[in-house]
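Notes follow once the structure below has been shown.
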Amino acid sequence: MSIEMQVNVHGIFELQHKLNRLDETIRGLVQDTLSTEVDGLRTLAQGLAPRRTGYLARTVFAESLGEWSFKLGARAPYSFFVEFGTRFMQARRFLSRAVELGMVGLVQRVNMAIREAVVRTRAS
């Protein structure tokens, strides 16, 4: 059994609609920024994963589901129990904690990329 996390951001559909009106080059800039930030979330989750052998941290992944959509998870069979705990073991949140810690920076950097894209569009 593995665990995956999906984060829903309010207003994302409006953002996607606005970004869809941008040309491909600018959309690529925003996508690259988002990819870099999501990779940072993966690295952060790996660092937060409890370690005995390091296997759990090595199974943490971030993959693209399409434009502006990503999945963060861990493929270790026991990752669900580590993240959420059991009646015998406290939760040791590493995925959700990484999202909590990294989301503000991710949103700020994507906003900066969007602003830069808009400025480039106006300049051309």
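Structural remarks
- Residue match in the stretch 109-119 (condition: closer than 21 Å to His17 by Cβ, touching a Ser or Thr at 6+ places or on another chain (Cβ under 6 Å) and not β-branched (Val, Ile, Thr)): yes
- Among the conditions (1) outside any helix (DSSP H, G or I); (2) touching a strand residue (DSSP E or B) at 6+ places or on another chain (Cβ under 6 Å); (3) among the hydrophobic types (A, V, I, L, M, F, W, C), Phe80 misses just one, which is (1).
- Here Ala91, Ala113, Ala98 are screened, and the one residue that is free of Cβ contacts under 8 Å to residues at least 60 places away in the same chain, in contact with a helix residue (DSSP H, G or I) (Cβ under 8 Å, 6 or more places away or on another chain), in a helix (DSSP H, G or I) and small (Gly, Ala, Ser) is Ala98.
- Residue, nearest to Leu44 (Cα to Cα), within the stretch 62-88, restricted to residues that are free of Cβ contacts under 8 Å to residues at least 24 places away in the same chain and among the polar types (S, T, N, Q): Ser69
- Scanning the stretch 46-80 for residues that are within 18 Å of Ala91 (Cβ to Cβ), of a type in the set (A, V, I, L, M, F, W, C) and more than 10 Å from the chain's Cα centre (by Cα) turns up Leu48, Ala49, Leu56, Ala57, Val60, Ala74, Ala76, Phe80.
- Whichever residue in the stretch 55-76 is at pLDDT below 95 and part of a loop (DSSP other than H, G, I, E, B) and, among such residues, is nearest to Val110 (Cα to Cα): Trp68
- Some residue of the stretch 40-52 being surrounded by 15 or more Cβ atoms within 10 Å (Cβ to Cβ) and in a loop (DSSP other than H, G, I, E, B): yes
- Subset of the stretch 87-111 (residues that are closer than 20 Å to Glu14 by Cβ and either at pLDDT below 80 or surrounded by fewer than 12 Cβ atoms within 10 Å (Cβ to Cβ) (or both)): Val104, Gln108
The values are calculated or read from the model by the stated rules, or taken from the named source; none is laboratory data. Note that the coordinates shown come from a computational prediction; the quantities given were computed from them, not determined experimentally. Glycine gets a Cβ as well: all are built from the backbone with ideal geometry, and neighbour counts include every protein chain shown.
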